[in-house]
Every structure is written in structure tokens, then in C-alpha cells.
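Here the structure is laid out as C-alpha cells; the discussion comes afterwards.
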Amino acid sequence: MIKRVNKQRCCPICGKSDWCGVAEDGSFAICMRVMSDYQTENEGWLHRLGEDQAQRWREFVITPKPKPNINWHWLSLWCIKHCPEEKLQEFADELGVTQTSLRALRVGWHPKKKCWTFPMGKPVSPAGSYELCGMQLRPPNGGRKFMVTHSESALFMAYMEESVEGWLCVTEGPTDTAAIHGLGFSVLGRAGSKSATKHIERYFEMRPCYGREPSKVCIIADADKAGREGADQLYEAIRRKVDRVSVIEPVGAKDAREWVRNGLTTDRLLRAIESRKVAA
């Protein structure tokens, strides 16, 4: 079998990273650039490799480049420092959420990239502490969101000291997280409809270790196919780890933030949750 060369494993004849191939056992190479006495059907040139070359090829292991050690906590604080209260309030008004909820999410402003920053973390304690491991950037005026390089796709977390009726909500996206938090609920937000499931599972797996009973969870799905599929997937992943799970989707809106902007109240959301309550 012939293995194609790549940037980590270049052709032993011409040293290039494309077009050529090497036998899996390292016995010969087919170089598309350097001629030999034997031309192949694909118009390359066959070169027998010496034992040393063959051995190096067989034992070659691609070593991934180590990720840089980014201090996400420091980066988050630096962005918060560059986001005065007046600027954050303008952003809250634009989104239709509370400034308190954006503060709970540790939202800041990246002065170099000219973007709003939403740190992401993974839970290390059911009490609400978490380790930052990435950051999503959101350009002003609704530009396309993107992640800081080397970010881990984790959770946006906004906690209340006492969430309404003990319910913990799970939403999609940081602004949905802020919107539901503003109604008095603790919220875990996923970056995408199917992301960070392992972190949410881990959160509930830790709870008994800290002497706390499993919680009541409401999964608020976006009103589209991807949102519903992601909600169903998460339900299956956590239903045996919690007391109760409720899966709902916005009424007359595409997502949780639009639902809140359309007039959703705490009482109405609680009634929707209770009506769809499922025993775990």
C-alpha cells in the first residue's frame, strides 16, 4: 500500500510534502519530481530506499505541536478591564438582556480584535466554580462569531445563588444564556447545539461527591432541527444523572433570547418547564 506524503512526512527523495508516495513498509518511494530508471503508470519515478530510510519511515510518528499555555483567566480579566460599565450597558440594551447577566458571564471587550468576549469554562465544582479554557469573540453589529485560537469548546456559565424553583437551564449560545439568567435561573450555555455534552455530564457526575443531590434540568432547544436533535442528545446523556429533566423550545421565537425579547416572564417560563417535566 502506498502512503501519500504530507507536511509532517515528506518525500525522502525530493523533500516535498505533496504529490509523492511511499510504500507502507518503507521499501520504495514513488517521486513525481526526481527521475529514476523506472517510471510508474502514474508518471512518477520509482526509487528503492535503503534500510536506514525504510526504518525511519516505518518508525516515524507525527508529534503534535504542543498547545501554548494560555492564561484564560488573565485574558478574561484584561478584556473586562477594557469594558467600562457604560459600554457594557449599551451592549446589554442592544441584546435585550441585563448588564448583571453579562457580568455573570464575565463578558468583556477585546481592544485589539475589536470584539466582545465571552469566556468559556468547564466545571470543577457543582458549587459553581469552573476553569476557563477558551473564549468566543463576537464582533459588534452582529458580525460572525469565532473562537480565540486554541480555545476548547466548553460552556458559558451564569449562576444564581438560588435559581428559580431549583431549576438549572441549558441553552445554546452565550446571549441565550444571558437572557434566561436575567429571569432568575442558573444557566449553562453550549457553544453549539451538540457541543460540550461531556462537560455537562461531568457537572452532574460530580454532584454526589460534594454531598448535593442531582438537580432539576430544563433544556431549552432552539426552534430548528439542529436544536431539537441537540436537546434530545443531551437528554439521553443526563437523564439518569438528575432528578428531573424538562425539554422545551421557544414559543413564537427562534431561540431563548428572542423569546425573552417577545415578553417571556419568569412565571411563564416556569409554567412551560413544569408542563413538559419528565421523570429521569
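Limited to region 153-168, what total is found for residues that are in a loop (DSSP other than H, G, I, E, B) and either polar (S, T, N, Q) or touching a Gly at 6+ places or on another chain (Cβ under 8 Å) (or both)? Number of matching residues: 5. Residues that are of a type in the set (S, T, N, Q), buried (at least 17 other Cβ atoms within 10 Å of the Cβ) and under 24 Å from the mean Cα position of the chain (by Cα) number at least 2 in none of the strands (runs of 3 or more DSSP E) confined to region 37-152. As a summary of the residue check, Met32 satisfies the conditions (1) modelled with pLDDT of 85 or more; (2) closer than 30 Å to His150 by Cα except for the one numbered (2).
Beta carbons closer than 7 Å, at least 6 apart along the sequence or on distinct chains, pair a first residue in region 138-165 that is farther than 20 Å from Arg103 by Cα with a second that is of a type in the set (Ser, Thr, Tyr) and open to solvent by less than 30 Å² (accessible area, probe 1.4 Å) for Ser153/Ser195.
Would you confirm whether any residue within region 263-270 is exposed (fewer than 13 other Cβ atoms within 10 Å of the Cβ) and assigned to a helix (DSSP H, G or I)? There is at least one residue in region 263-270 that is exposed (fewer than 13 other Cβ atoms within 10 Å of the Cβ) and assigned to a helix (DSSP H, G or I).
Here region 153-163 is the region considered, the condition is being farther than 16 Å from Gly230 by Cα and open to solvent by 30 Å² or more (accessible area, probe 1.4 Å), and the residue that is modelled with the lowest pLDDT is Glu161. Only a single item in (1) in contact (Cβ under 8 Å) with a residue 24 or more places away in the chain; (2) open to solvent by less than 80 Å² (accessible area, probe 1.4 Å) is not met by Val34, and it is number (1). Candidates Leu46, Leu88: the one that is closer than 30 Å to Trp109 by Cα and modelled with pLDDT of 90 or more is Leu88.
Of the candidates Gly26, Gly15, the single residue that is open to solvent by less than 40 Å² (accessible area, probe 1.4 Å), in a loop (DSSP other than H, G, I, E, B) and either more than 30 Å from Phe118 (Cα to Cα) or touching a Ser or Thr at 6+ places or on another chain (Cβ under 7 Å) (or both) is Gly26. Is it the case that Ile273 is modelled with pLDDT of 95 or more, within 16 Å of Glu165 (Cα to Cα) and of a type outside the set (D, E, K, R)? No.
The values are calculated or read from the model by the stated rules, or taken from the named source; none is laboratory data. Worth saying up front: this structure is predicted, and the values here are computed from it rather than measured. A quick note on method: Cβ atoms are made from the backbone with ideal geometry, for glycine too, and the neighbour counts reach across all protein chains shown. Just the protein is used for accessible areas: all its heavy atoms, side chains included, with ligands, DNA and RNA removed. Shrake-Rupley method; radii C 1.70, N 1.55, O 1.52, S 1.80 Å.
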